[in-house]
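The values are calculated or read from the model by the stated rules, or taken from the named source; none is laboratory data. Since the structure is predicted, the reported quantities are computational estimates derived from the model, not experimental observations. Backbone-built Cβ (ideal geometry, glycine too); neighbour counts: all protein chains shown. With ligands, DNA and RNA removed, areas are computed over all heavy atoms of the protein, side chains included. Shrake-Rupley method; radii C 1.70, N 1.55, O 1.52, S 1.80 Å.
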Amino acid sequence: MGKAQQTITTTDKTIAEEDAGRGLSSVSTLAVRVAGFVPTRVDMRFAGTPEQQLGITLGAVLVYVSMHRTAATIADKWAAAAPLARGLSHALPQARRDAAVAAGPWLLSAMVRFAGTPVVTASMLTPAPGRDVPPLLRMQVGPVTWELADAVAYTSMLNAWRIAEDLLACGQTPTE
């Protein structure tokens, strides 16, 4: 049986312990700062069935969405932030990108599942005087906050959300 069975058993045991009130773990917020072209990918599984699942990779964040309404809400609010995005530089030069997106010697990624109608807000962050950080567009989607340093990052992520919305619209189930 090996390690696979042990992993399943360990996971089941952990879930049972959390259900019994022995422990609970929760991530309440996640902040992601991006500059330049954000690599995105959209994958659909089981389209048109109750089990449909869309995975959208936005840089280091993998988001799962299963309902068209959820993706439409996020895409619409993201598009509505276009007037704020006009305050961003088109594309930050590499030296300014490094200052805007400080990263350590580690790799970090996250997986999030959005459901229902998440609260989506947009605001501009202006840097404090004397700081080498550019103005940032802050897009908060539920517990995830994306801070976008330039228009290229905004556009690449907006396009991914629109694709996600379109794919889920095609695969809507009659009960939505």
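At-a-glance table
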item: Probe 1.4 Å - accessible area at Asp132, Å² to nearest ten; result: 90 Å²
item: Listed residues Thr121, Thr29 arranged by accessible area, highest first, probe 1.4 Å; result: Thr29, Thr121
item: Theoretical FRET efficiency, 1/(1+(r/R0)^6), r = Cβ-Cβ of Ser89 and Glu51, R0 45 Å, to 0.05; result: 0.60
item: Accessible area, probe 1.4 Å, largest first, for residues Glu165, Glu147; result: Glu165, Glu147
item: Accessible area (Å², 1.4 Å probe, nearest 10) - Thr117; result: 80 Å²
item: Note, ³J(HN,Hα) from phi for the stretch 121-133, Karplus 6.51, -1.76, 1.60, rounded to Hz, x at Gly and Pro; result: 10, 10, 7, 9, 10, 9, x, 5, x, x, 9, 8, 8
item: Heavy atoms of Val119 accessible to a 1.4 Å probe, total area in Å² rounded to 10; result: 110 Å²
item: Förster-model FRET efficiency, 30 Å R0, Cys170 and Thr126, C-beta, rounded to 0.05; result: 0.15
item: Low-density loop positions, trypsin sites (Lys or Arg not before Pro), the stretch 27-90 - DSSP coil, at most 13 other Cβ in 10 Å; result: Arg86
item: Exposure rank, largest accessible area first [His68, His90; 1.4 Å]; result: His90, His68
